[in-house]
Structures are given as structure tokens and as C-alpha cells.
Amino acid sequence: MLSNRVQGFTLIELLTTLALLAIVSSIALPAFAELIASNRQQALRNHVQHAIQNARLTAVLQRKAVELCGTSNAHTCNANWANGWLTQVIATQNVLSVAQLPTPGELRWSGFGKSIRFHANGTTTTGNGRFYQCHKQKIAWQLIINRQGRLRVGSPAENAADAARCSA
């Protein structure tokens, strides 16, 4: 004998399931947002690191002075690194590459000069300094360049010691 009984979920079962989904979502979403922010920070650091290494390599291979500088209009150098940067041969002002940041204001530069100038031997006598990115009033990462043109990533201890740079 066949039963006409309808199978389904009760209202209490549906509400319990929705409550559990809400709890799991409230735990997972902040962690997911932090993962996305971390990936964006790492991508920006890699982009800057590649640009510096490429500018130095170009200077050495072409035996010409090359400048890496901040730009707000993608055509001329200025001290504004927040929107992006450009790489150019100093003598001819020939622009080799331009990078524009998807989110302006993330990149900061602190150094002796407003730009980084690589000589034909790869050194940068007045370009020593550091690029850094702030996240939640702390330094997410630093790229430190010395006068020999060498680049290194700041340690967590250095990032913590320089956290005051992000409070301003």
C-alpha cells in the first residue's frame, strides 16, 4: 500500500541549518578577507621587487644610467609613488616601463632621494632607502635597497621596529 505522506524538512530543521550557516560564515569571512589582503600585499611586494631588479639589470646590460621613480601621470617622474612608477634611461628620458597601482596609496618610499638611479655598474649612490606597505597600523613588508644597488626583504623584527612609519 502506497503512502501519500510528503517528505521534506520542518521549519525547525531549516532554521537550525540557517543558524549554523550564519555562525560558520561569521567565522570564515574575516579569515578569508585577511587572506585576500595578505595575497595583495605579497603581489605588490613582488611587483616592486621585480621593477627594482629589472631597472638595475637594464642599467648594467645597457651600460646606461637608469632611473626608477614615482609617477602620478605615467609620463613624468615626481616624488609620488602612491599611484605607480616608471623606469627610464636618464640621458634620453626614454621610458622603458610604467607600472600603475590598482589601489593608489598602498606603496610608500622613504629614502635619501626621491628616485632610485642606477649607474652603469649597478650601484645607486644616492638611492638607498626602503619601500614599505602599511596594513592595520603596522608594516606589512619592507624592501630595503642599499647604495650598492642590492635589495633585501625586511625582517619581521625590522618591520615591528619601524611600525611608527605607519601611524602618520
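The values are calculated or read from the model by the stated rules, or taken from the named source; none is laboratory data. What you see is a predicted model, and the numbers here were worked out from it, not measured in a lab. Heads up, the Cβs are rebuilt from the backbone with ideal geometry, glycines too, and the neighbour counts pull from every protein chain shown.
Selection of segment 22-72 for residues being basic (K, R) and loosely packed, with under 15 Cβ neighbours inside 10 Å yields only R63. Residues that are of a type outside the set (D, E, K, R), buried (at least 16 other Cβ atoms within 10 Å of the Cβ) and touching a Lys or Arg at 6+ places or on another chain (Cβ under 9 Å) were ranked within segment 103-115; the one that is nearest to A37 (Cα to Cα) is W109. Of all residues in segment 123-146, those satisfying the criterion of being closer than 18 Å to Q49 by Cβ and either surrounded by fewer than 17 Cβ atoms within 10 Å (Cβ to Cβ) or aliphatic (A, V, I, L, M) (or both) are H135, I139, A140, L143, I144, I145, N146.
Remark: A91 falls outside the filter, which requires a residue to be touching a Pro at 6+ places or on another chain (Cβ under 6 Å) and in a loop (DSSP other than H, G, I, E, B). Mind listing just one residue for me: the one in segment 59-88 that is of a type outside the set (A, V, I, L, M), within 17 Å of V48 (Cα to Cα) and in a loop (DSSP other than H, G, I, E, B) and, of those, farthest from the chain's Cα centre (by Cα)? Filtering first and then ranking leaves C77. Figure legend. Inter-residue proximity from segment 109-123: first residues free of Cβ contacts under 8 Å to residues at least 40 places away in the same chain and over 22 Å from C166 (Cβ atoms), second residues charged (D, E, K, R) and not in a strand (DSSP E or B), beta-carbon distance below 7 Å, spacing 6+ or different chains. Indicated pairs: T123/R147.
Checked against the criterion of being touching a Leu at 6+ places or on another chain (Cβ under 9 Å), part of a loop (DSSP other than H, G, I, E, B), at pLDDT 90 or above and hydroxyl-bearing (S, T, Y), segment 95-106 contains not a single residue that satisfies it. Working only within segment 81-102, note down all residues that are in contact with a Lys or Arg (Cβ under 9 Å, 6 or more places away or on another chain), without any contact (Cβ under 8 Å) to a residue 40 or more places away in the chain and either surrounded by 15 or more Cβ atoms within 10 Å (Cβ to Cβ) or closer than 25 Å to A43 by Cα (or both). Listed by number, the residues that qualify are A82, V89, I90, P102. Cβ-Cβ distances below 7 Å connect the following pairs, each with a first residue in segment 142-159 that is more than 16 Å from G122 (Cα to Cα) and free of Cβ contacts under 8 Å to residues at least 60 places away in the same chain, a second residue that is in a loop (DSSP other than H, G, I, E, B) and of a type in the set (G, A, S), and a separation of six or more residues or different chains: Q142/G154.
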